Amino acid sequence: MKTLTSGAAGLALAMVLPMSTAQADPLTTKQTNIYGVPGRLIDMPTAEVAPDAQLSTTVSIYGSGNNQTTRTTLSFQMLPRLNASFRYSAIGGLVPTPGRPTFTTLYDRSFDLSYRFLNEGKYHPAMSIGLRDFAGTNIYSGEYIVATKSFAQGKLALTAGLGWGRLGSYGSLGSTGNRKAQTLGQGGIPSYDRWFRGDVAAFGGLSYQPTEKLGFSVEYSSDAYDREVRDGALDHRSPWNFGVSYKASEALRFAAYSLYGDEIGASVTLTLNPRNPAVKGGLEPAPLPVAVRSAQSAADLGWSTDPARRASTTAQSQETLSALLEKEGISLHAMSMTEREAHVQIRNHRYDMRAQAFGRTARAMTRSLPASVETLTVTLMTQGVPSTAATFRRSDLERLENAPAQAMREATTLSDGRRFDTGLSYHEEALPRFEYSVSPFLRLSVFDPENPVRANAGVQAKAKYHFAPGWAVSGSVSQKLVGNLDKSSLPGASGLPRVRSNVAFYSRTDTPTIDHLTLAHYGRPAENIYSRVTAGYLERMYAGVSGEVLWKPVESRLGLGAEINYVQPRDFDQQFGLRSRNTGTGVIPEWNGHVSAYLDMGYGFHGQLDVGRYLAGDWGATVALDRVFANGWSIGAFATKTNVSSDTFGEGSFDKGLRITIPFAWGLGTANKRSSTTTLRSLTRDGGARLEVEDRLYERIRDTQDPQLSRGWGKFWR
């Protein structure tokens, strides 16, 4: 199974990864066009790509007054050949219904994909195929095939292509069939029935980069801007566009445009790459050196022959090790030791790269344990239960300290920490223990059809009390200070119970709110099996009981899980009260849950499939794909389709969105386990909604196991 899974993933990735080249690709650029996708032209696409893993945000604007259009685009180079973009546009001056005289600003969401299927060669251009607004409302929809050839060491690039949809609306060369104009359902559904159909037109352009910072471009556009012209929002006088760009820094670029013979536009682009740390080098203190034993001391077992001396040596070793680990941001949880072997359980508070926690613990063990102890086992504790154990030979640590980290990885055995969870002596501070934090919070609602951004901000206090192995009571209280989430409008009735769409009611209180207050138990019922049971106020909107089980072997790419939840809606003030399941538009079911499959696909890609019953009682599946980097960055997308029709779901047709996790360590330059996750949904609706219970198992276990653990093994000696 493991070989087949890895091989299939590798074959799929081989279709999109480039062949190795001796020099950098001259058609790789950090610049974006006015639509926010990689390229040095203006309106038109090119076959250029961004550096692998680049994440860019582009804000472009043209027009003025009621006719102003603003596009905000998030673009991610998923793979060296594959780019995905999400765009939120405010298009001014459109008439919502033909013949209706009232002008308005139309807020529109659109998704793009482009794939370079041919890299540039000595005599042939690079070629790409792309879909613009392929699952939207048909405002920007268009498809293209484009070729770009570079000259003069990449300073000059010539582009030519064929476009359909909007990109085939000016100077048509012919037609490839009928193209539907109406939106599919409520929008949001891939418009595959119109791809590469309808009028087709040619476009092209030239870009010139005379210096590293300054660039110029000219293009012939095949977009006639038919709807904008029809509604009087734009006067399209010419197909020729002109642009100038300026690189202020590696992360910041500006551009200005002359558009359509009648408009002036501008854009600003911010770029970063998760693979490149914001702070070069690590700022954390250097680790302890490995203590090298002499041959005579390693053979000395005298400490273990006398019971009193054995007890004294064990106690002294435990206290010395605990003190050394505390300086490293690691807590000693439990320990056992014989004359030749030692096993410790640790709680890692600091290192987002778990291999670094293993390395620092192993170094400390060489400096605190009797010299005769040769086999060292370190187990990471997660939510009070053992996850992965790493076993080293002390002589390998001494021999390989200055060798590449990969050599130490090959000498390390990873296994299920449950195997070693017996005969341990708990450290005096292991249980009970109390943790707390106070920090600001920000809750966002973006891409609302009536307002691009709404938010609440305030102060949040969290606490957790661990009173027995695997048992914890935790809670979170928030106080809103400012915000306008309560101004969000309630969507019309959809035939579903309001399980999420009444979220604005939960933002109207100005008193302290209980975000969650739960009793949880985490367990290890069998080898490779993890469990969780959580009861209480599970999240801001629901109380109840949630149970979960996960099968995840340490070195397997595959994980399987199941979750079942019994829920009751909470009062809108988020205090201790509950309310009726009858929402006025339907009754919230008591039970929901899913079975799940998780797969590490290689190259940092993680896939997830959840199948089951959602909060509104609808049945269906959620598919998610995330690219997870060794440093903790994660960028992904998800989509949920249930037995709810597009018309019943409402605008958007089905639930979908993007999620980005940014580790604090990436920006601080020091080891830190904290991170910030932002989920961007095109709309909040009731279909496909899930419970937001904390500490689901896979997210907690994945980073402590292979293959993710080995990806960060380069930090073992850091």
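The values are calculated or read from the model by the stated rules, or taken from the named source; none is laboratory data. If you're wondering where the values come from, they're calculated on a predicted model, not measured in any experiment. Positions of Cβ are backbone-derived with ideal geometry, glycine not excepted, and every protein chain shown enters the neighbour counts. All accessible areas refer to the heavy atoms of the entire protein, side chains included, with ligands and DNA or RNA removed. Shrake-Rupley method; radii C 1.70, N 1.55, O 1.52, S 1.80 Å.
Given the criteria in a loop (DSSP other than H, G, I, E, B) and at pLDDT below 95, does Thr97 qualify?
Answer is yes for this residue.
Within region 350-359, can you find the residues that are farther than 15 Å from Leu709 by Cα and modelled with pLDDT of 95 or more?
Listed by number, the list is empty, since nothing qualifies.
Residues of region 684-718 being aliphatic (A, V, I, L, M) and touching a helix residue (DSSP H, G or I) at 6+ places or on another chain (Cβ under 6 Å), which ones?
Leu709
For region 172-181, what are the residues that are small (Gly, Ala, Ser) and assigned to a loop (DSSP other than H, G, I, E, B)?
Gly177, Ala181 - these are the residues of region 172-181 that are small (Gly, Ala, Ser) and assigned to a loop (DSSP other than H, G, I, E, B).
Evaluate the following for Ser222: is it of a type in the set (S, T, N, Q) and at pLDDT 90 or above?
yes
Take region 521-561 and flag every residue that is more than 26 Å from Thr412 (Cα to Cα) and aromatic (Phe, Trp, Tyr).
Result: Tyr522, Tyr537, Tyr542.
Which numbered condition in (1) farther than 23 Å from Phe654 by Cα; (2) open to solvent by 20 Å² or more (accessible area, probe 1.4 Å) is the only one that Gln77 fails?
Gln77 satisfies every listed condition except (2).
Of everything in region 416-428 that's surrounded by 13 or more Cβ atoms within 10 Å (Cβ to Cβ) and in contact with a Ser or Thr (Cβ under 7 Å, 6 or more places away or on another chain), which residue is farthest from Thr375 (Cα to Cα)?
Ranking the qualifying residues of region 416-428, first place goes to His427.
Does Gly712 satisfy the criteria of being buried (at least 20 other Cβ atoms within 10 Å of the Cβ) and not hydroxyl-bearing (Ser, Thr, Tyr)?
Considered against the rule, which asks whether it is buried (at least 20 other Cβ atoms within 10 Å of the Cβ) and not hydroxyl-bearing (Ser, Thr, Tyr), Gly712 comes out as yes.
Name the residue that is modelled with the highest pLDDT, counting only residues in region 584-607 that are open to solvent by 30 Å² or more (accessible area, probe 1.4 Å) and more than 31 Å from the chain's Cα centre (by Cα).
Val587
If a residue must be touching a residue at least 24 places away in the same chain (Cβ under 8 Å), of a type in the set (A, V, I, L, M) and open to solvent by 10 Å² or more (accessible area, probe 1.4 Å), how many such residues does region 348-401 contain?
Qualifying residue count, region 348-401: 5.
Against the condition touching a strand residue (DSSP E or B) at 6+ places or on another chain (Cβ under 6 Å), surrounded by fewer than 19 Cβ atoms within 10 Å (Cβ to Cβ) and not hydroxyl-bearing (Ser, Thr, Tyr), how does Asn484 come out, does it pass?
Yes.
Among (1) aliphatic (A, V, I, L, M); (2) more than 30 Å from Gly470 (Cα to Cα); (3) under 30 Å from the mean Cα position of the chain (by Cα); (4) assigned to a helix (DSSP H, G or I), which single condition is Ala357 missing?
(2)
Just one of (1) in a strand (DSSP E or B); (2) among the small types (Gly, Ala, Ser); (3) buried (at least 19 other Cβ atoms within 10 Å of the Cβ) trips up Ser336, so point out which.
With (1) in a strand (DSSP E or B); (2) among the small types (Gly, Ala, Ser); (3) buried (at least 19 other Cβ atoms within 10 Å of the Cβ) applied to Ser336, the lone miss is (3).
Please specify each residue of region 493-509 satisfying the condition of being hydrophobic (A, V, I, L, M, F, W, C) and part of a helix (DSSP H, G or I).
Those that are hydrophobic (A, V, I, L, M, F, W, C) and part of a helix (DSSP H, G or I): Val503, Ala504, Phe505.
Considering each of Thr518, Thr422 in turn, give the residue that is among the polar types (S, T, N, Q) and within 22 Å of Gln568 (Cα to Cα).
The match here is Thr518.
Could you list all residues from region 403-423 that are of a type in the set (Asp, Glu) and either without any contact (Cβ under 8 Å) to a residue 24 or more places away in the chain or farther than 13 Å from Ala389 by Cα (or both)?
Listed by number, the list holds a single entry, Glu410.
Sort out which residues of region 143-167 are modelled with pLDDT of 95 or more and among the small types (Gly, Ala, Ser), and write them in order of number.
Ala147, Ser150, Ala157, Ala160, Gly161, Gly163
On the given criteria, is Arg508 more than 22 Å from Ser675 (Cα to Cα), open to solvent by 50 Å² or more (accessible area, probe 1.4 Å) and touching an Asp or Glu at 6+ places or on another chain (Cβ under 8 Å)?
Yes.
Residues are listed down the side, and each one gets a yes or a no for (1) in contact with a strand residue (DSSP E or B) (Cβ under 6 Å, 6 or more places away or on another chain); (2) closer than 27 Å to Leu55 by Cβ; (3) free of Cβ contacts under 8 Å to residues at least 24 places away in the same chain:
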| position | (1), (2), (3) |
| --- | --- |
| Arg613 | yes, no, no |
| Val644 | no, no, no |
| Phe649 | no, no, no |
| Lys656 | yes, yes, no |
| Leu668 | no, yes, no |
| Ala671 | no, yes, no |
| Pro707 | yes, yes, no |
| Gly714 | no, yes, no |
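Where in region 213-326 are there strands (runs of 3 or more DSSP E), lying fully within it, with 2 or more residues that are of a type in the set (Gly, Ala, Ser) and open to solvent by 40 Å² or more (accessible area, probe 1.4 Å)?
252-259
Residue by residue, here is whether (1) under 19 Å from Phe196 (Cβ atoms); (2) open to solvent by 60 Å² or more (accessible area, probe 1.4 Å); (3) outside any strand (DSSP E or B); (4) of a type outside the set (A, V, I, L, M, F, W, C) holds:
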| site | (1), (2), (3), (4) |
| --- | --- |
| Tyr123 | no, yes, yes, yes |
| Tyr140 | yes, no, yes, yes |
| Tyr144 | yes, no, no, yes |
| Ala147 | yes, no, no, no |
| Gly154 | no, no, yes, yes |
| Ala157 | no, no, no, no |
| Gly161 | yes, no, no, yes |
| Leu167 | yes, no, yes, no |
| Tyr170 | yes, yes, yes, yes |
